[in-house]
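Notes for the one structure printed next.
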Amino acid sequence: MLKVKTPKNRRVQRELEKRAPRLVEKGKKTLLLQGTKTSNVLNTVLSEIYHLKRDNAIRYTRKNDSIRPFESGGETSLEFFSMKTDCSIFVFGSTSKKRPDNLVIGRTYDHHIYDLIEVGVENFKRMDSFTYDKKLAPQAGSKPFIVFSGEAFESVDELKHLKEVLLELLRGEVVDNLNLAGLGRVYVCTAISSNRVFLTHCALRLKKSGTTVPRIELVEIGPSMDFVVRRHRLPNESLRKEAMKTAKDKTHKKIKNVSKDALQGKLGKIYVPDQKLGEMVLPDKSKGVKRERREAKKKNSTNEPASKKQKEDS
């Protein structure tokens with residue numbers, strides 16, 4: 001039998017509870033890594049992705065020579081880092097003569113590689129190269145819009161896959177309620193061809209339109225780059241089914257005599273037993289009855305001796 005280790009203190013127990021699987025996942029953390037050889041462009045791309053996702057991202061700057069995502073045996077270190085940091089999305093940057101400025105974006109399931117897509121970075125522009133009003137800079141933690149423009153995102157398999165991965169990478173934490181004042185930026189992804197996507201980051205400027213709905217303008221604040229799809233690997237069907245499996249909702253315990261209505265809300269039934277009035281004990285507080293009793297007692301006390309004397313005379 002396998003020995004089950006229990007946490008030694010409360011801090012370790014809280015950390016294990018955070019990593020435990022949930023029915024509804026709140027958000028996914030991103031891990032940023034680099035290979036043995038990287039260029040200045042790739043280092044800047046990784047640092048600016050980390051800047052955009054600072055709340056839910058971890059950046060490793062040390063070179064990793066044992067990570068080769070598309071090769072067998074080269075995924076072990078990635079899975080180890082995923083388990084160590086509890087990150088389910090990773091971005092791995094490397095460069096070579098055959099694949100310059102290469103980015104591998106992937107997802108993990110149960111800390112094992114789920115899918116991979118490899119893109120090349122071209123025409124990169126960093127944030128510092130854009131001039132704009134600094135008041136338009138989005139605040140930390142603000143939720144972004146994500147726009148995918150182009151029919152290729154629905155017809156080309158590679159771009160379909162890239163769309164899914166970019167959604168997971170850029171959307172941040174999933175929330176139930178959203179304040180419109182916190183929406184201050186947008187990611188625009190445009191399909192230029194069957195294997196090229198233009199990605200840019202813009203701020204939202206609200207202007208008067210003469211109506212209650214303001215007019216929105218996009219101000220490019222960077223970064224912007226072209227993604228050229230090179231390779232991709234989809235998950236096998238059995239792994240996809242296991243990852244897409246959802247737990248059934250817990251059945252609520254039925255409460256007696258309680259029902260719910262769409263209009264009236266929560267309704268309840270109250271059962272009152274039959275009242276037996278004949279057996280009820282009532283307090284006697286009536287003054288008139290007591291007075292009559294006292295007078296009757298006085299009359300009886302005066303009549304009793306006279307009757308005895310009459311008997312004696314006879």
Within the stretch 216-248, can you find the residues that are assigned to a strand (DSSP E or B) and open to solvent by 80 Å² or more (accessible area, probe 1.4 Å)?
ILE216, LEU218, ARG230, ARG231, ARG233
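Evaluate the following for ASP115: is it assigned to a strand (DSSP E or B), touching a residue at least 24 places away in the same chain (Cβ under 8 Å) and of a type in the set (Asp, Glu)?
Working: assigned to a strand (DSSP E or B): yes; touching a residue at least 24 places away in the same chain (Cβ under 8 Å): yes; of a type in the set (Asp, Glu): yes.
Here the answer is yes, as ASP115 does meet what is asked.
When the residues of the stretch 195-215 are filtered to those that are in a strand (DSSP E or B) and hydrophobic (A, V, I, L, M, F, W, C), which remaining residue is farthest from GLU118 (Cα to Cα)?
Kept after step one, since they are in a strand (DSSP E or B), are these residues of the stretch 195-215: 196-207, 215.
Right, trim to hydrophobic (A, V, I, L, M, F, W, C) and you get 197-199, 202-204, 206.
Details: VAL197: 13, PHE198: 15, LEU199: 15, CYS202: 24, ALA203: 28, LEU204: 30, LEU206: 37 Å.
Per the stated criteria, the residue is LEU206.
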For residues in the stretch 95-107 being in contact with a Gly (Cβ under 7 Å, 6 or more places away or on another chain) and in a strand (DSSP E or B), which is nearest to HIS161 (Cα to Cα)?
LEU103
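Taking into account only those residues within the stretch 8-36 that are open to solvent by less than 90 Å² (accessible area, probe 1.4 Å) and at pLDDT below 80, which is nearest to HIS112 (Cα to Cα)?
ALA20
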Of the conditions (1) in a loop (DSSP other than H, G, I, E, B); (2) touching a helix residue (DSSP H, G or I) at 6+ places or on another chain (Cβ under 9 Å); (3) hydrophobic (A, V, I, L, M, F, W, C); (4) modelled with pLDDT of 90 or more, the single one that ALA140 does not satisfy is (4)
Please pick out the residue among SER82, SER72, SER39 that is open to solvent by 60 Å² or more (accessible area, probe 1.4 Å), at negative phi and small (Gly, Ala, Ser).
SER72
Being modelled with pLDDT of 75 or more, surrounded by 10 or more Cβ atoms within 10 Å (Cβ to Cβ) and touching a strand residue (DSSP E or B) at 6+ places or on another chain (Cβ under 9 Å), is that true of even one residue in the stretch 268-291?
no
Kindly indicate whether ARG107 is under 20 Å from ILE67 (Cα atoms) and basic (Lys, Arg).
yes
Just one of ARG99, ARG59, ARG126 is free of Cβ contacts under 8 Å to residues at least 40 places away in the same chain and open to solvent by 30 Å² or more (accessible area, probe 1.4 Å); which is it?
ARG59
Determine, yes or no, whether VAL174 is in a helix (DSSP H, G or I), touching a residue at least 40 places away in the same chain (Cβ under 8 Å) and within 20 Å of the chain's Cα centre (by Cα).
no
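The values are calculated or read from the model by the stated rules, or taken from the named source; none is laboratory data. Predicted model only: the values in this text are computed from it and were never measured. FYI the Cβ positions are ideal-geometry reconstructions off the backbone, even for glycines, and counts take in every protein chain you see. Only protein heavy atoms, including side chains, enter the accessible area calculation; ligands, DNA and RNA are left aside. Shrake-Rupley method; radii C 1.70, N 1.55, O 1.52, S 1.80 Å.
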